[in-house]
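One structure is given below, encoded as structure tokens.
The values are calculated or read from the model by the stated rules, or taken from the named source; none is laboratory data. Note that the structure is a prediction, hence the values are computed from the model and not measured. Cβ sites come from the backbone with ideal geometry, for glycine too, and all protein chains shown count toward neighbours. Protein only, heavy atoms only, side chains kept; ligands, DNA and RNA dropped before computing areas. Shrake-Rupley method; radii C 1.70, N 1.55, O 1.52, S 1.80 Å.
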Amino acid sequence: AVARAALVKPRVLAGEPWRLLTGTMLHGNLMHIFMNVSAWLSLSPLVERSASRHLLPLVWLLSALGGSLASLLLLPQATSVGASGGLMGLLGFLAVMGWRRRALLPPDLGRSMLRSIGLMAVFGALAWAVIDNAGHGGGLLTGALLGAWVFRDPEGGLPVPDSPALRVAGWAGLMACLALAAFTGCKLLGLP
């Protein structure tokens, strides 16, 4: 799996840029999968219900890519796998939402997101040898920037107003995630 689809940085630079995303579909072991699934089950309903279900695949996918790019730039020789960049992006997005829309949300949401970011930073510092902190940071920054753009209007409400453009973007993001999963599966099976 690592040889065929992981974020092997020298292979990205040698002409396999798709690894920036296929690596996000792989995990190192069952504990890694369990931790990421737990984070997904905690964060994704918050994005869906508070902001918009159409934003969820976009924020995850763009943050996963942002995390992989940061990892490529800051840890160019390390190999990485996992969806954590995208998950940290959801956390960054929610932290900005919690700050910018604090009057519309439970009073502790923003602080809770900041506590979670702090805990991830401590965990990353303690387990630096096995955690791609550059990927986490890049995903977090990407998600926060997306949140700053989505919640740029200080008078905006929640959830984000639905529109045809948002629905199309959301469906396109979902289709891109499904295509990525299928493409990763093909790479793992050794198909062209």
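Brief remarks follow.
- Along each principal axis, Cα extent of region 1-155, largest first, Å: 48, 30, 23
- Binned Cα-Cα distance frequencies in region 28-84 - 10 Å width, integer %: 22, 42, 31, 6
- Per-residue extension of 0.36 nm, minus the Cα-Cα distance of ALA78 and LEU191, leaves a gain of 38.2 nm for this segment.
- Using R0 = 30 Å, the C-beta based FRET efficiency linking ALA182 and ALA3 works out to 0.95.
- Cα centroid separation, region 122-192 to region 70-119: 10 Å.
- Kirkwood radius for region 1-53, taken over all pairs of different Cα atoms as the inverse mean of 1/r, rounds to 12.8 Å.
- Computed from Cα atoms, the angle from the helix 30-50 axis to the main principal axis of the chain rounds to 30 degrees.
- The fraction of accessible area contributed by carbon and sulfur in region 19-68 is 71 percent, rounded to a whole number (1.4 Å probe; ligands and nucleic acids excluded).
- Length released on extending from GLU48 to ALA172, taking residue separation times 0.36 nm less the Cα-Cα span: 43.0 nm
- Angle between the chain longest axis and helix 109-126 axis [Cα atoms, degrees, rounded to 10]: 20 degrees
- Using θ = phi - 60° in the Karplus curve 6.51 cos²θ - 1.76 cosθ + 1.60, the 3J(HN,Hα) couplings for region 51-64 round to 9, 5, 5, 6, 7, 4, x, 5, 5, 4, 5, 5, 5, 4 Hz; x is entered for Gly and Pro.
- With Cα atoms, 0 to 90° folded angle of helix 164-188 axis to the chain main axis: 20 degrees
- The orientation-averaged projected area of the convex hull spanned by the Cα atoms of region 39-127 comes to 6.1 nm².
- Per-residue extension of 0.36 nm, minus the Cα-Cα distance of LEU158 and ARG102, leaves a gain of 19.1 nm for this segment.
- The listed residues GLU48, GLU155, once ranked by accessible area (1.4 Å probe) with the largest placed first, stand as GLU155, GLU48.
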